[in-house]
Every structure is written in structure tokens, then in C-alpha cells.
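Every number here is computed from the coordinates shown, using simple stated rules; none is lab data. Keep in mind that what you see is a predicted model, and the values were worked out from it rather than measured. Cβ atoms come from the backbone with ideal geometry, glycine included; neighbour counts cover every protein chain shown.
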Amino acid sequence: MKYLIVIEKTSTGFSAYSPDVDGCIATGATEEEVRQNMKDAMEFHFEGMRAHQEEIPKPHTSSNYIDLASPA
């Protein structure tokens, strides 16, 4: 399954979270590192959920960009 992750630049690197997976976050020095760390974090998170017989959340968010006029 494909899950949306949001990557944000921080003062020390990058952070990521998924709107579909509450409580699962990751950080990294580069965008590539935070992507891999987020993948690892989500796999670990889901492993724990399965161990506790919790339902794995289904992806339900999407993303898109809109164009706006530049402010004056």
C-alpha cells in the first residue's frame, strides 16, 4: 500500500509524518534519509500494531498543489 508522508525542513535536517498513521514520525539529516527512516518507522509501527491485534490503518489521504497569484 502507498501512504502519504509529509516531509518538512527543520533547523537540523528533515522530519516526516503520515496523516494516515497517528503517532508515527521520523527524522533525518537529508530528505532521502528521512524517507528511509519513515519507511522503517511505519513498518515497525505496523509490526507493533499487529502484535497487539490492532487494525492497520488504510491509506485515506491524498495531496495536491494549487496555484495562487503572488501576493503584491
Original post:
Karplus couplings for segment 64-72 from phi (6.51 cos²θ - 1.76 cosθ + 1.60, θ = phi - 60°), rounded to Hz, Gly and Pro as x?
Top reply: 7, 10, 10, 8, 10, 5, 5, x, 6
Subject >> Cα long-axis angle, helix 31-51 against the chain (0 to 90 degrees, to the nearest 10) >> reply: 30
Original post:
Expressed as a whole percent, how much of the Cα-Cα distance distribution for segment 18-72 exceeds 19 Å?
Top reply: 47
Original post:
In segment 2-41, which trypsin sites (Lys or Arg not before Pro) fall in coil by DSSP and have 13 or fewer other Cβ atoms within 10 Å?
Top reply: K2
Original post:
If you put +1 on each Lys and Arg Cβ and -1 on each Asp and Glu Cβ, how big is the dipole of the chain around its Cα centre, in Debye rounded to 20?
Top reply: 100
Original post:
Under a straight-distance cross-link criterion of Cα-Cα below 16 Å, which lysines are reachable from K39, leaving out those fewer than 8 residues away in the same chain?
Top reply: K2, K58
